[in-house]
1. Identify all residues within region 283-316 that are polar (S, T, N, Q) and either in contact (Cβ under 8 Å) with a residue 60 or more places away in the chain or crowded, with 21+ Cβ neighbours inside 10 Å (or both); write none if there are none.
2. Kindly list the number of the only condition in (1) touching a strand residue (DSSP E or B) at 6+ places or on another chain (Cβ under 6 Å); (2) within 19 Å of residue 270 (Cβ to Cβ) that fails for residue 378.
3. Among (1) more than 30 Å from residue 119 (Cα to Cα); (2) in contact with a Phe, Trp or Tyr (Cβ under 9 Å, 6 or more places away or on another chain), where does residue 379 come up short?
4. When only residues in region 380-398 that are crowded, with 23+ Cβ neighbours inside 10 Å and among the aromatic types (Phe, Trp, Tyr) count, which is nearest to residue 367 (Cα to Cα)?
5. Return the pair list, or none, for Cβ contacts closer than 8 Å from residues in region 222-233 that are touching a residue at least 40 places away in the same chain (Cβ under 8 Å) and closer than 19 Å to residue 115 by Cβ to residues that are in a loop (DSSP other than H, G, I, E, B) and hydrophobic (A, V, I, L, M, F, W, C), at least 6 apart or on different chains.
6. Report, by residue number, each residue of region 324-350 that is in a strand (DSSP E or B), in contact (Cβ under 8 Å) with a residue 24 or more places away in the chain and not small (Gly, Ala, Ser).
7. Look at region 352-382 and say how many of its residues are touching a residue at least 40 places away in the same chain (Cβ under 8 Å) and under 17 Å from residue 148 (Cα atoms).
8. Return the residue satisfying two criteria in turn: it lies in region 270-318 and is aromatic (Phe, Trp, Tyr) and assigned to a strand (DSSP E or B), and of such residues it is nearest to residue 379 (Cα to Cα).
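The values are calculated or read from the model by the stated rules, or taken from the named source; none is laboratory data. Bear in mind that the values here come from a model prediction, so they are computed numbers and not experimental data. Reconstructed Cβ throughout: ideal geometry from the backbone, glycine too, with neighbour counts over all protein chains shown.
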Amino acid sequence: MALRGTTLFVLAGLSSSVIACGSSGGTDKTANPAASAPAASSTCDPNDPKIPCFKDKAEPCGDGYKTDFPGDELCLKPPTDGLGFQLHVGPDDYTDPDVVNNWILPPGGFPGQGPDTNWCYYMKTPNDQPIFTAEYYAHMRPGSHHYIMFGVKGDVADSTGPDSCAARNSQIAGGANFLSGATREVQNAAMFGDAAEDKGLGSPIDAHAQLNMNLHFVNIGDQPVLEEIWVNMIEKPADEVTNIVKAIEWLGGLTMAIPPHQNQTLQSPADACTSPADIDSVRILGVTAHMHANTVRVSMFHQAPGATDKELVFDDFSWSEPTVWLFNSKVTNPMPDRTASKSGAPISGIFNVTPQDKLSWECQVENKTDSTLNFSDKAYTGEMCNVFGMYASPKATHPWSCFF
């Protein structure tokens, strides 16, 4: 997303704890196999344009960490003791081929499935008490399209490798809570920053919260892809939290059926999406588009009470790395330019809405394939018209969900 060192998410930030050990993928849930690698010799630079480094919170695994796969430089050490915890999904032993092969996406993908693999992974957070977080740092190896972390109800056995997502939809419908996510290799969600209005923001997470980690990887190359992510969650003291952060989850185009080589603009009804009815006013912290390869533009709109016209909130033209548009007193968003396919957000500053405000969004889809496009997880042969983000209110208790 555009503000690489300070982006929100996609899908935005939660969690952390009072312990610092990583929670690992594979059979060992207690440690990231790279956590003990020597620290990097270079200076920890938060302004590094490729991989920002944040002292004690998000530092590289260092020169002693090496595998046979691209992306070793993205490995994260767990945060320093007392600041938070790490969630790691991937192999827990790089020396055992049977373990590593469980996490490999071969060139072109698995036979009959195309280049994508979209799977879920179940684990629990290690915090013993309910906590708040105000930032997270996520790194994913090359080939990643996204990860989305949901807190779900019930008790699910920990995964030992990529699992089916067969239960995901029912879990979400049953009250899943979006906790964090990313659509870039490096996704740092320190959105709760130094603006005065951000000081009291915090996202809650239950003790030993049950997680469904949804990961989407794509391999259109000629080399194997190792499916692996690291997420460092940073805790915020509860007595500093005055505004609760919850997710914006807008899903669109659910019934789409776009014929081969046809173009369509999918539009939500102009008044179909309003802020939670049980809260007088909420603040939109940030939003981002989520689409696939056949969508050339996603736009979001706002219509104030009494206004006759809607205003553009953002245009985004990048399906693989959409921008997270942040709204606070310290950020001025760039203006969009549709003629040049330049992403932008005409709205800047604090963005408050009430249940009387109308929000809508649309996607311009150009089906370049020989098949009908339906709503699906497939990056090249399926589509989505979604907007994700975060909102805040002292009274926030649930995600802000809309559909068309």
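1. If the condition is that a residue be polar (S, T, N, Q) and either in contact (Cβ under 8 Å) with a residue 60 or more places away in the chain or crowded, with 21+ Cβ neighbours inside 10 Å (or both), then 288, 294, 295, 299 are the ones that fit.
2. (2)
3. (1)
4. 388
5. Every condition considered, the pairs that remain are 224/69; 225/69; 226/69; 226/103; 227/103; 228/103.
6. Scanning region 324-350 gives 324, 325, 326, 342.
7. 3
8. So, considering only residues that are aromatic (Phe, Trp, Tyr) and assigned to a strand (DSSP E or B), the one nearest to residue 379 (Cα to Cα) is 314.
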